[in-house]
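Read the structure below first, then the notes.
Bear in mind these aren't lab numbers, they're just calculated from the coordinates by the rules spelled out. Computed from a predicted model, the values in this text were never measured in an experiment. No Cβ is skipped: glycine too gets one built from the backbone with ideal geometry, and neighbour counts run over all protein chains shown.
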Amino acid sequence: MRTVKNSLKKLFGWIPAGIICLVIFFALFGYLASKMGTANMLNTIMNTSHDLLLNTVFYLMAICVITGAIGKIFVEFGVVNLLEKILRPLMKPVFNLPGVASLGAVITFLSDNPAIISLAQDKRFATYFKKYQFISLTNFGTAFGMGLLVIVFMVGQGYFAEPFIGLLGAVAGCVISTRLMQRFTLKAYPRFKDEVAAEAEKTEIETEAHYTRPMFQRILDSLLDGGRTGVDVGLAIIPGVLIISTLVMLFTFGPSTSGEFTGAAYEGVQLLPWVGEKLGFIFEWLFGFTDPHLIAFPITALGAVGAALGLVPNFAAEGWIDGNAIAVFTAIGMCWSGYLSTHTAMLDTLGYRRLTSKAILAHTIGGFIAGIAAHWMFVLYTLI
């Protein structure tokens, strides 16, 4: 096996760096152009991106701003601390993490998964963890990233119970992902079981001067600061929605109603539905999907959950979505939360880049478990 890998490295070593990129680029867009026509392909890309920007991105940005403001209000007035105290007893028996880890779940739920990094860099926070637990924070925090945004978005589509079923599914996926990551870490580094993530340091207790500010000022500052944070998150999802969602839609939707390509928005070559039909029995058994187009959501959520959410309104307009799909989408969207684009950076920041492949494997499994759990919870819900 090692000989084969070395041979492949030598083979690709002779190929100039840009050649592989050009081959993939021209193969991808050459295929699309051969099916749609070059002019129609380019017009569809531009029109789809423009429509996504106006009708999806700005809607998501509005949700980001509102949820950001709500999250900041919760932090300012102690709601986050209250939730942390309520959830703390569940941490050790369920996730094998110290009680303070619940703060990470709440913060990432209200914002995005990289928020766990700023928390993990706090030495006082890190002292509560063994090293193997500390490393698993990457998987634990990611499973709740953008949770409030995802749930509010799904509720905005007219579904109420289903998003919260999906939340329970995400929790199930988080348990599997976190514990698998701990297992992988201990297998690779058994000594991490007893080593603490950081040594305790003596710190001076500082007076929280901002609590002396007038109530109105605290509310106003929280709303504006939280809203500004929401704008940053909203801006961050624009590339994912416009680039990834547009590409996914090119491979999801078909030609116009006349059967011809016209260059209009949301036309495509229907490659993903074709794959979905071939593997439909798997996705129907795992997630209860009733339409092959629905596999586009979990595929997109691997890279960017904002882009995956951008698919939902168009899927709904086509009549492909039901309550089960919303529950599964919520679970997978929260649990995966674009982890392929963030896991490497997060583990690098924590100083454990060498465990990135283990973290990705554990979280991939966790995402599947989240979707499966949400599907069967929805089935039970329909029987009540």
Rounded to the nearest 10, the angle in degrees between the Cα long axis of helix 58-76 and the longest principal axis of the Cα atoms of the chain comes to 10 degrees
Residue separation between Arg183 and Ser357 times 0.36 nm, minus their alpha-carbon distance, gives in nm 61.3 nm
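Calculated from DSSP H runs of 4 or more alone, at -39500 (n - 2.57) each and per residue, what is the 222 nm mean residue ellipticity of the chain, nearest 500?
Numbers: 21 runs with 263 residues, N = 384.
That calculation yields -21500 deg cm²/dmol at 222 nm.
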Violations at 23 Å Cα threshold for listed pairs Lys85/Lys358; Lys193/Lys358; Lys72/Lys358; Lys85/Lys123 -> Lys85/Lys358; Lys72/Lys358
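May I ask you to sort Ser102, Ser177, Ser245, Ser357 by Cβ crowding, counting other Cβ atoms within 10 Å and putting the fewest first? Working shown, then result.
Working: Ser102 22, Ser177 30, Ser245 26, Ser357 13.
Ascending Cβ contact count within 10 Å gives the list Ser357, Ser102, Ser245, Ser177.
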For Val94 and Ala161, extending 7 Å from Cα along the Cα-Cβ vector and measuring point to point gives, in nm, a value of 2.1 nm
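Using only the Cα atoms of segment 104-186, build the gyration tensor, take square roots of its eigenvalues as a ≥ b ≥ c, and label the shape rounded, prolate or oblate: rounded if a/c is under 1.5, else prolate if a/b is larger than b/c, else oblate.
Values: a/c = 3.70, a/b = 1.78, b/c = 2.08.
Oblate shape, in that a/c is at least 1.5 and b/c is the bigger or equal ratio.
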Expected sort for 33-41, 159-167 on mean C-beta neighbours within 10 Å, highest first, is 159-167, 33-41
Projected onto the charge dipole of the chain (unit charges on the beta-carbon of Lys, Arg, Asp and Glu, signs +1, +1, -1, -1), the Cα from Val175, Pro298, Pro163 with the largest positive-side position is that of Val175
When Tyr132, Tyr59, Tyr339 are ranked with the fewest other C-beta atoms within 10 Å first, the list becomes Tyr59, Tyr132, Tyr339
Of the candidates Val231, Asn139, Phe109, the farthest towards the positive dipole end of the chain (Lys/Arg Cβ +1, Asp/Glu Cβ -1, centred on the Cα centre) is Asn139
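Could you line up Trp376, Trp274, Trp336 from fewest to most neighbouring Cβ atoms inside 10 Å?
Lowest to highest Cβ neighbour count: Trp274, Trp376, Trp336.
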Taking r as the C-beta separation of Glu277 and Phe29 and R0 as 25 Å, the FRET efficiency to the nearest 0.05 is 0.55
Full extension between Leu235 and Leu53 adds, at 0.36 nm per residue less the Cα distance, a length in nm of 64.4 nm
Using alpha carbon centers only, segment 36-94 is separated from segment 236-287 by a whole-angstrom value of 22 Å
Here segment 277-290 yields Karplus 3J(HN,Hα) values (6.51, -1.76, 1.60; θ = phi - 60°; whole Hz; Gly and Pro given as x) of 5, 5, 10, x, 5, 5, 5, 5, 6, 6, 10, x, 5, 9
